[in-house]
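First up is the structure itself, then whatever we jot down about it.
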Amino acid sequence: MTYVSVGANGRVSDGGVFGASTLSRALDEGWLNIPPPTQLPNSEKTLPHVILGDEAFPLKPYLIRPYPRRELNHAHKIFNYRLSRARRLIENVFGIMAATWRIFGNKIAIQPDKVETITLATCVLHNYLLAKKQICPNIVIQQIQDNPQVANGMGGLAVIPRPHTLNAKTVRDELCHYVNNEGAVGWQEEMI
């Protein structure tokens, strides 16, 4: 599933844009056909799928954000780093879009409603061309082939979620425990 939201005022935070989106409402009200919680790789633990956010987002059972800086122990620092690493791959999509569609390389000097239409159209065209293998972000593909951990910095947890009975702090704490134990990767200690 792909969800694109375009047209929010630039002064609104990412968390504010998400909070006002139809996706947020659909998740809160359980309208989406989201897969059930899944057992984590190399673990007995079963957790819901989550969306990864930064500090601007609220903490919800399906929306995981970093631990606040004021309460960071070593395990929290590793979790925050792994969360950031997973989010970086997603952030790279914007760079790939700008490199593919030159219109995004400069200020677009047209009416805002037309910018929304252009942005949505390029998202559709981009996904269509990717599906038809007419364009390919080679650098991302190479990184994934060289190291599957790059593709899912948190072991496949970047899937859109279903509301779950665990509270948000418990989900984040369980994911933190996982990335510091059975989901640990050799390089994470060097990054802190």
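Observations on the model:
- Per-residue SASA entry for Ile110, accessible area with 1.4 Å probe, Å² rounded to 10: 80 Å²
- Using 0.36 nm per residue and subtracting the Cα-Cα separation, the extra length available between Val12 and Asn73 on full extension is 18.9 nm.
- A straight chain from Val115 to Ser84 at 0.36 nm per residue would run longer than the Cα-Cα distance by 8.2 nm.
- Restricting the stretch 1-82 to trypsin sites (Lys or Arg not before Pro) that sit in a DSSP loop and have at most 14 other Cβ atoms within 10 Å of their own Cβ leaves Arg11.
- Placing dummy labels 7 Å off each Cα toward the beta-carbon, the span from Val124 to Leu32 is 2.1 nm.
- Residues with amide H under 5 Å from that of Val50, placed H, sequence gap 5 or more: Val159
- If you plug the beta carbon distance of Tyr3 and Ala184 into 1/(1 + (r/R0)^6) with R0 = 30 Å, you get a FRET efficiency near 0.45.
- Applying a DSSP loop filter and a limit of 10 other Cβ atoms within 10 Å to the GluC sites (Glu not before Pro) in the stretch 17-76 leaves Glu44.
- Computed accessible area, Ile34, all protein chains, 1.4 angstrom probe, square angstrom: 10 Å²
- Residue-by-residue Karplus 3J(HN,Hα) for the stretch 60-65, coefficients 6.51, -1.76, 1.60, Hz, glycine and proline x: 9, x, 9, 9, 9, 10
- Phi to ³J(HN,Hα) by Karplus 6.51 cos²θ - 1.76 cosθ + 1.60 over the stretch 10-24, Hz, x for Gly, Pro: x, 7, 7, 5, 4, x, x, 5, 4, x, 8, 7, 5, 5, 4
- Residue-span extension gain [Asp173 to Met97] - 0.36 nm each, minus C-alpha spacing: 24.0 nm
- Cross-link reach list, lysines versus Lys45, counting only Cα pairs under 17 Å and skipping chain neighbours closer than eight places: Lys169
The values are calculated or read from the model by the stated rules, or taken from the named source; none is laboratory data. In this text the structure is predicted, and so the values were computed from the model without any measurement. Heads up, the Cβs are rebuilt from the backbone with ideal geometry, glycines too, and the neighbour counts pull from every protein chain shown. Just so you know, the surface numbers come from the protein's heavy atoms only, side chains and all, with ligands and any DNA or RNA stripped out. Shrake-Rupley method; radii C 1.70, N 1.55, O 1.52, S 1.80 Å.
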